[in-house]
Amino acid sequence: MRILLFLLLLISLLLPATTLAQTTYDLSCDNVAKIRIGRLDDTYWNVESHQGHFHVLMLDLKPEAAKTYLKLRETAPWVTITYRGEDHTLKDIAITANGGALQNDAPALTGFGDQDLIITIIKEQDALDAARAVCPALAPGTIIIDWEKDGND
């Protein structure tokens, strides 16, 4: 048994660090064309919040950035995350902003579209702060209250 554990440890040390690293996509003004923030009812979407709603940060990628992102998404491994008793299978991609962490309150609900990303953030101010962290020039000044009606353009 000790030999097996030793061999596993040795193999893990010999593997390049990138082999075990999570795929990361970094957002900035260079690759984002538009940012929107919408508010959704938490009960319908099974998101835990104290105010009865949560926010989605929708980031539309520029065409060239979308091509690069799609290649990255194709090679990223799949992962299953359980959130509030439901299993969600999605690509294992960490989304960052200008090289730093980007708030994502429910990673299981992150949306990886072909030309856009959707990140779940509970509080309105946190969603606005996250938008500014990605690209201050594109950060919206208002929240789309009825996302299903007004946010899907």
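Every number in this text was worked out from the coordinates using simple rules, so none of it is lab data. Computed from a predicted model, the values in this text were never measured in an experiment. When we count neighbours, we look across all protein chains shown, and the Cβ atoms used for this are built from the backbone with ideal geometry, even at glycine.
Quick notes on this structure:
- Loop-located chymotrypsin sites (Phe, Trp or Tyr not before Pro) in the stretch 22-70 whose Cβ has at most 11 other Cβ within 10 Å (DSSP): none
- Qualifying trypsin sites (Lys or Arg not before Pro) in the stretch 46-149, where qualification requires a DSSP coil assignment and no more than 14 other C-beta atoms within 10 Å, comprise Arg84.
- Residues whose amide H comes within less than 5 Å of that of Gly113, counting only those at least five positions distant or on another chain, are Ile118 (H built at 1.01 Å from N in the peptide plane).
- Sites listed here are GluC sites (Glu not before Pro) in the stretch 36-114 whose DSSP assignment is loop and whose Cβ has at most 15 other Cβ atoms within 10 Å: Glu48.
- Amide H within-cut-off set for Ile122, under 5 Å, with H built and near neighbours excluded: His55, Asp105
- Gyration tensor (Cα) of the stretch 21-150, equivalent ellipsoid semi-axes in angstrom: 22, 19, 12
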